[in-house]
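Bear in mind that the values in this text are calculations on the coordinates, not laboratory data. Worth saying up front: this structure is predicted, and the values here are computed from it rather than measured. All Cβ positions, even for glycine, are placed from backbone atoms using ideal geometry, and neighbour counts span all protein chains on display.
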Amino acid sequence: QNWMRGMSYCLHSESHLDTGPIYVRENGKLHVVNQGAGGIQNVTPKTRPFRLFSRGFSVELCMNREDDRARRQRTDHFIFTYTKEGNLRYSAKSLFSLVLGYISDNVDHIDSLIGFPEQIAEKLFSAAEARQKFTEPVTGLRALQKFTEAYGNLVLCSLCLRNRYLVISEKLEEIKSFRELTCLDLSCCKLGDEHELLEHLTKEALSSVKRLLLKDNSLSDAGLRRMTAPVRVLKKGLENLLVLDLSCNPKITDVGIGYLLCFKKLNCLDISGTGLKDVNAVIKRIQMQIGLVHSKVPLKEFDHSTCKTEGWAEQTVLQWEQAVMEAIKPQDDLRSRTAALHFYGKTHRIEEVVKCKLVEAETKASGNLQFYKEKVQNSHLPLKKEVAGSHELKNNKKRALAERERERTSKQKHLCLTVEDWDLLNTY
C-alpha cells in the first residue's frame with residue numbers, strides 16, 4: 001500500500017506530463033494504474049491505434065518528369081461516348097490497341113522490323129506518328145531508320161521539299177534515311193554544289209529515283225560532274241532517272257550539259273535559265289546522243305503539281321515543317337531590324353530580290369529549253385515469219401557489234417579519265 005501511495009503521489013505531482021497508461025504486474029495479473037483516481041483497476045487494457053507519423057504529417061507523391069511525359073502522351077484505356085439519350089457510356093479498348101500504344105511509346109527500343117507484317121507495321125507507324133515520336137532529335141531518327149530499313153518506299157515513295165531549306169538543314173539525317181524514293185523535289189532550296197544531300201543522291205539508297213527536280217539550287221558544272229560521276233563510270237547511282245529539272249541554274253554551261261548525256265533513260269529534261277553559250281549546238285547534241293526533242297510548248301512534267309509527299313511518313317514531314325515554323329515565329333516581325341539595315345546602308349535583302357529578278361530575266365531571254373522523247377509509232381506492214389526471222393538475226397548481229405564497240409569506247413573512256421574524276425570515284 002505504501003508503494004501504491006508513492007506511485008499515485010508521483011502521478012499527481014507530474015500530472016502535467018502526458019506519460020500515458022502505466023501497467024503493473026502483480027501475482028500474475030496485469031493492473032492498470034488510473035491516473036485520475038490514483039487507484040488500480042483490474043480491467044483488460046485497451047490498445048491504442050499505432051501511429052507511425054503525427055496527425056499533421058502528409059505525403060506527396062512525385063513522379064519522374066520523363067514518366068509523366070510518357071503518361072501524358074498515352075491515352076486512357078477506355079473509350080468514352082454518348083448515347084442518344086445523352087448518357088455517358090464507356091467501353092474498354094481492345095488488347096491489340098493497348099499493346100500497339102505501348103510499343104509505339106517505346107518504338108525506339110525495337111531491334112528490327114524486317115519480316116514484320118506490313119499491315120500491322122503501318123498501324124504501328126501511325127500510332128507512333130500520332131505521339132510525335134519521329135520529331136524527337138535522337139530517338140526519332142533511330143525509330144525512323146527501323147521502318148525505312150524494313151519497308152523502304154512504303155514509308156515514303158515521293159518527297160516534296162520545295163522551298164523547305166530550313167527543314168533540310170534541321171532534319172538532314174532523317175531525310176537521308178528514306179530509301180527507294182521514286183520522286184524527289186528539291187526546287188528553290190539553294191543547296192549549292194557541296195551540299196551533303198546532293199552527295200547522298202549518288203548513293204545506292206536513292207538509285208530508284210526516277211524524277212529529280214533541282215530547279216534554282218545554285219548548281220554549276222562542278223556539281224553536275226560530281227552528281228553524274230557514278231553513272232558515267234560505274235553505271236550506278238541515278239541510272240534510272242526519267243525526268244530531270246535543272247532550270248534556273250545560271251552557272252551551268254555547255255560543259256555541264258555534256259555530263260548529262262550519260263542519262264540514257266531520260267524522257268524529259270529542263271535546262272531553261274542556264275548559262276548556255278551555243279544553244280543550237282546543245283539542242284542538236286541532246287537530240288543526237290539522248291534522243292530528246294526540243295519542245296516548243298511547256299511540258300506538264302515540270303509544273304511541280306504532280307510531285308507530292310506520299311507514304312506513311314507524310315504527316316511526319318508536316319510535323320517537321322510545323323516545328324520549324326514555330327521555332328522561327330518570334331523572328332517574323334522584323335520591321336525594326338530592316339529599318340536599321342536601311343539606316344546603316346546595308347542592302348543584303350534587296351540584293352537577294354535582284355538576284356531572283358536576274359534569274360527570271362535570263363530564263364525569259366534563253367527561252368523554253370525543255371526536251372521530251374517522242375513515242376515511236378510502228379506503221380510497218382506485217383511481215384512473213386521467215387522474213388521477220390531473218391531481220392531478227394541481222395538485228396541481233398548488229399546489236400552484238402554495237403555492244404562490242406561500246407565496250408571498247410568505254411574502256412578508252414576509263415583510261416582517259418581526269419585526275420578529278422579519279423578523286424571522285426575514290427570517295428564512293
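Please report the relative contact order for region 94-154, taking Cα pairs under 8 Å with a sequence separation of at least 6, and give it as a percent rounded to a whole number.
Details: 44 pairs, mean separation 25.8, N = 61.
Reported as a whole number, the value is 42 percent.
Give me the Debye-computed log₁₀ of I(q)/I(0) at q = 0.15, 0.20, 0.27 Å⁻¹ for region 94-154, equal point scatterers on Cα only, no solvent, two decimals.
Log10 of I(q)/I(0), two decimals: -0.39, -0.70, -1.27.
If packing is taken as the average number of other Cβ atoms within 10 Å across a peptide's residues, how do 108-116, 128-136 rank, most packed first?
Values: 108-116: 12.1, 128-136: 18.3.
Top of the packing list down: 128-136, 108-116.
What order do you get for 82-92, 96-106 when each peptide is scored by the mean count of other beta carbon atoms within 10 Å, highest first?
Working: 82-92: 8.2, 96-106: 14.9.
Averaged packing, sorted descending, gives the order 96-106, 82-92.
Beyond a 30 Å Cα-Cα separation, which of these cross-linked pairs lie in this structure: Lys190/Lys375; Lys171/Lys308; Lys236/Lys284; Lys215/Lys235?
Numbers: Lys190/Lys375 35 Å; Lys171/Lys308 18 Å; Lys236/Lys284 27 Å; Lys215/Lys235 25 Å.
The answer is Lys190/Lys375.
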